[in-house]
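The values are calculated or read from the model by the stated rules, or taken from the named source; none is laboratory data. These numbers were taken from a predicted model, which means no experiment stands behind them. We place every Cβ from the backbone using ideal geometry, glycine too, and count neighbours over all the protein chains shown.
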Amino acid sequence: MEFKHTSVLLEECIEALDIKENGIYVDCTMGGAGHSKEIIKLLSKEGKLIGIDQDMDAIKTATERLSEFDNKIIVHDNFYNIDYILEKIEIPKIDGVLMDLGVSSYQLDTSERGFSYMREAKLDMRMDRECELSAYEVVNEYSEEELTKIFYEYGEERFAKRIARRIGEKRSEKPIETTMELVEIVEAAIPDRTKVKGSHPAKRTFQAIRIEVNSELRILNKAIEDSVARLNKGGRLAIITFHSLEDRIVKHKFKELATGCTCPRDFPICVCGNEPKVKLVTRKPILATELELEHNTRSRSAKLRVVEKV
């Protein structure tokens with residue numbers, strides 16, 4: 001299957017990064033190279049693009065789509081390791097970082113990847129298929145207490161305990177192996193009267209499992225801190241989120257980095273010595289336009305936040 005993905009908030013991201021033609025830019029979640037290609041087109045031969053992705057299908061596609069450009073380095077890794085990656089390729093400072101935290105359309109639409117609650121597939125959900133932990137292990141091996149915690153915290157699922165209990169009952173009979181088996185279990189656990197028209201009852205559960213499998217929230221704070229530390233003065237970090245948990249983390253981390261002093265308000269002078277590391281470029285997140293929403297419904301939940309190194 002061809003790696004197809006419509007880049008979300010493409011123009012807004014390029015504008016937010018304020019690209020300098022001789023600058024060095026990192027696309028932490030390169031995917032099908034939609035954002036990457038627009039970035040590298042604005043660079044001179046002295047500029048450089050570093051593309052990172054943990055999905056080998058994305059790496060192969062991006063390598064092909066950027067084949068005409070020589071000023072690029074493509075890395076198969078998780079952007080959690082951005083500091084190590086830059087150290088390894090001997091690049092001390094950069095001018096911009098982009099993180100698109102959404103699952104690609106390709107991953108959702110490729111049944112065998114097991115991301116979708118609309119398609120029959122083996123339970124997987126690994127963005128990096130070389131990792132050992134998959135959705136199968138989470139569903140079949142985590143305790144009911146662990147599943148409840150994941151569904152509640154990562155999926156904001158009000159029926160987390162009921163779903164976890166139902167999973168426990170079903171897997172005691174035989175392992176839960178496919179997406180549709182899991183969907184049936186979730187649907188049976190949620191009372192009919194609470195199901196919202198137009199919203200799939202398994203959406204939150206699948207989101208929670210995907211986040212757990214790929215450690216999506218645990219890596220975010222460190223990745224933001226390391227990215228900011230590597231930015232030149234005036235360099236920018238732009239992050240697109242797709243659900244409230246991610247957006248909350250990004251919003252709070254950006255605010256923390258922009259605040260500086262952490263002393264109690266009643267202290268007469270600052271004793272912590274912390275100074276602001278960034279300034280907020282966006283006080284409120286940038287959302288998709290009506291025109292983009294017409295052409296790409298998956299952009300509906302996208303939020304773009306941007307900071308600049310001071």
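A few points about this structure:
- Selection status of Glu153, surrounded by 14 or more Cβ atoms within 10 Å (Cβ to Cβ), under 26 Å from the mean Cα position of the chain (by Cα) and not in a helix (DSSP H, G or I): no
- Within region 190-204, considering residues that are in contact (Cβ under 8 Å) with a residue 60 or more places away in the chain and not small (Gly, Ala, Ser), the one farthest from Lys149 (Cα to Cα): His200
- Residue match in region 292-305 (condition: closer than 28 Å to Tyr154 by Cβ, of a type in the set (A, V, I, L, M) and free of Cβ contacts under 8 Å to residues at least 60 places away in the same chain): yes
Yes or no, residue by residue, for (1) of a type in the set (Ser, Thr, Tyr); (2) within 26 Å of Leu147 (Cα to Cα); (3) at pLDDT below 95; (4) under 23 Å from the mean Cα position of the chain (by Cα):
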site: Glu212; (1), (2), (3), (4): no, yes, no, yes
site: Asn221; (1), (2), (3), (4): no, yes, yes, yes
site: Asp226; (1), (2), (3), (4): no, no, no, yes
site: Arg230; (1), (2), (3), (4): no, no, no, yes
site: Ala238; (1), (2), (3), (4): no, no, no, yes
site: Thr259; (1), (2), (3), (4): yes, no, yes, no
site: Val271; (1), (2), (3), (4): no, no, yes, no
site: Ile286; (1), (2), (3), (4): no, no, no, yes
site: Thr289; (1), (2), (3), (4): yes, no, no, yes
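- Here Glu187, Glu225 are screened, and the one residue that is part of a helix (DSSP H, G or I), without any contact (Cβ under 8 Å) to a residue 60 or more places away in the chain and not assigned by TED's automatic domain parsing to the domain that holds Arg283 is Glu187.
- Set side by side, the residues Leu108, Leu147, Leu101 differ, and just one is among the aliphatic types (A, V, I, L, M) and over 30 Å from Asp27 (Cβ atoms), which is Leu147.
- Looking across region 133-175, just one residue is acidic (Asp, Glu), more than 15 Å from Val186 (Cα to Cα) and either touching a residue at least 24 places away in the same chain (Cβ under 8 Å) or not assigned by TED's automatic domain parsing to the domain that holds Asp192 (or both), and that is Glu153.
- Residue count, region 268-296 (criterion: out of contact with any Gly (no Cβ under 9 Å at 6 or more places or on another chain) and either farther than 25 Å from Ile224 by Cα or among the hydrophobic types (A, V, I, L, M, F, W, C) (or both)): 17
- Matching residues, region 204-222, being surrounded by fewer than 16 Cβ atoms within 10 Å (Cβ to Cβ) and in a helix (DSSP H, G or I): Asn221, Lys222
- Candidate set: region 89-110, residues that are farther than 17 Å from Asn221 by Cα, out of contact with any Gly (no Cβ under 8 Å at 6 or more places or on another chain) and aliphatic (A, V, I, L, M); chosen: the one surrounded by the most Cβ atoms within 10 Å (Cβ to Cβ): Val103
- Taken together, the residues in region 228-256 that are in a helix (DSSP H, G or I) and touching a residue at least 24 places away in the same chain (Cβ under 8 Å) amount to 13.
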